[in-house]
Each structure stands twice: as structure tokens, then as C-alpha cells.
1. Give a quick list of trypsin sites (Lys or Arg not before Pro) in segment 1-73 that DSSP marks as loop, anything other than H, G, I, E or B, with at most 12 other Cβ atoms within 10 Å.
2. Counting other beta carbons within 10 Å of each residue's own, what order do 181, 26 fall into, fewest first?
Amino acid sequence: MTSTISITLGVLALLVVLLLTHKLPYGLAGMLCVGLLVLFGVTDIKTAMSGFASSTTVMVASMIVVASQLSRTSLIRRIRSIMSNLQGKSEIVVILAFFVVTILLSQMMGQVACLSIMLLFCETLDEDGKLTPSRMLFAVCALNTMWTSKIPFAMGATMPGTISAFYEGVAPEYAIGITDYFKAALIPGLVGVLYCLFFTKRLLPTHKLSKENVKEVKDAEAISKRDELIIFGVFIVIMVAFFLSGHISSDVQNILPMLGVCVFLITGVCKVPDVTRIITGDIVFLIASMSGISTILGKTGVGETFKFTLPLFVLELAALIISTTIFFPIYA
């Protein structure tokens, strides 16, 4: 094993420790490690920073903006109206409604935003009934963790490309299709639903929710019908392109979200400062650094050294575990 490979593996080990312990923000941890690889002479700065020019980074950063605009539409208010009409319904209907809404919102927004909205719904439940707010909140948190961005819809549609970017430098011939990630997550997700369905009504302890540290969640300001139609139109075009992966080039698919953001800015749906704040978030820097690291792995020979031990199913399993335990909380 050469010194270059040894240094690269050492930096990778540091990255894993930083991601698992969260001693540093995820994006900062990734950028620190690519910087160390340049400092130790493992790679040049052009390769290390290549992730910022990656099509995946551009696509995810733009898609986060698109998803944030989708959450401003009347869709969320309509969901709230449906939830408020569940009073007096049977327990199983209420539970399933909470589960469906949680899984839907988990594809559209960060975990904190989703849980903030669902907490408002949980507070409407009777503290003295069998289906208490604390019990339902436990189930909502569990489902949100298991289902965030698992369905190829909204932010979930970006995940196959994002995960592929994590190991494209090591094994570029392995590409995850638009539905592959959903297939891998479906069975664990359904088991989680059954688990929550059983434990929510029967075995979970109940207690009153403390609201001392809960931030007030305000309804988003209503937007015009014109802006809403533009948001839905852009979103539908992007989703159709993602699902036509066999007929549309990946370059076109990845650039459409960015063009969608351009449409938002030109038509005044959102403002430049709002877009800037989103695309400079932690998630973008993590993806850019991980893309650079994967390229470095391929160029240094680390990928070839260990490729024979990494069949496709192992790569997909590793990607699923890493994404579930490390990557998804960043959306919050």
C-alpha cells in the first residue's frame, strides 16, 4: 500500500468520525478533508474542488430551492384542512392519515420543518384519549426518519443521483436509477409503518407534551395563484424529466432544476437572497466535497484497490445506511 493510499484512507477515516460525531457541520467536515488531501499532496486543488462543478451538486442545490417553493403553495394549507377534519373519526383512520401526511411531507421538506408542522397536528389530539399527542409524535418522528426523501418525488427524486455521486469515482459503472433507491427502502419503510401502527396504540407510554422549547410555527404567507401555477408547472416538468431517464440525457435532467430556479427569479416567484441562502447551505458543501473525494479515490487508485470487494449490492447497502444515518438530517 503506497503512502498516497494510506493518507487518503486516513483522511476518509477522519471524515467518517466527523460525520458520525457531528463535531463540525457536515459541509465543513467535507471541505476540511478535501483541503487536507490537497495539503498532503494527494491531489491538486482543481480535482479537490471539482465537486462544485458536478452536475449532481448543481441539480441538488437547485432542487432544494424548487422544493422550498413547493412548500409555499396552498398544498400545505389544504393538508392542514384535511387533518383538522379528522376530529371524531376512528382511531385507525386518524393514525393512517397522520402516517400518510408524514410520509408525504418527508419527501418535500427538511425534517425539522416536517416535524414542526406535524407537531401542530399532534397537539389537536385528546390528552386523555388512547391516541395521545405524545404517542402520535413518537410515530411521526420515527416515520419521518425512515421515510425522508425515500420516494422519487420532490427532494426524493434527487437522491439516486446524489448517492451515485458518493461513489462515482470508485465505481462509475454503477448508476442508481430513479426508482432503485425507493425499492431498497420500501420494505424497511413498510416494516416501520407496521411497527408504528402497532406500538402507537398499544405499548407506548403517554405523557403530556412540554411546549417550553418548541418554536412557534407560523403559516407561510399566501402566494398568488399565478406564482402557485408557475411553481407547480416547473415542478411537474422536472418530475417528468426525472422519470423519463431512459429518453432524456442526464445533463438535461440535472440542468432543469437550475432552469426552474431561473424561471422563479425572472417571474418574481422568489428573490435572489432567498435562493442564495438555500444554495449556500450545509448540504451543498457536503455533496460538493463528497463528489471531489470520490474523484480523488478513483485517481489515487484506492477505488481499484478495493473495487473487487465492492459488488453492486454492497455499494447500494452502504449508500442506504450512510444516507439514512448521516445525510438526511442535513435537510433539517
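1. On the way: sites: 23, 46, 72; in loops: 23, 72.
When the trypsin sites (Lys or Arg not before Pro) of segment 1-73 are filtered for loop state and at most 12 Cβ neighbours within 10 Å, 23 remain.
2. Working: 181 26, 26 22.
Placing the least packed residue first, the sequence is 26, 181.
Rule-based calculations on the coordinates, nothing more; no lab input. All values reported here derive from a predicted model rather than from experimental measurement. Note that we place each Cβ from the backbone using ideal geometry, even for glycine, and neighbour counts take in every protein chain shown.
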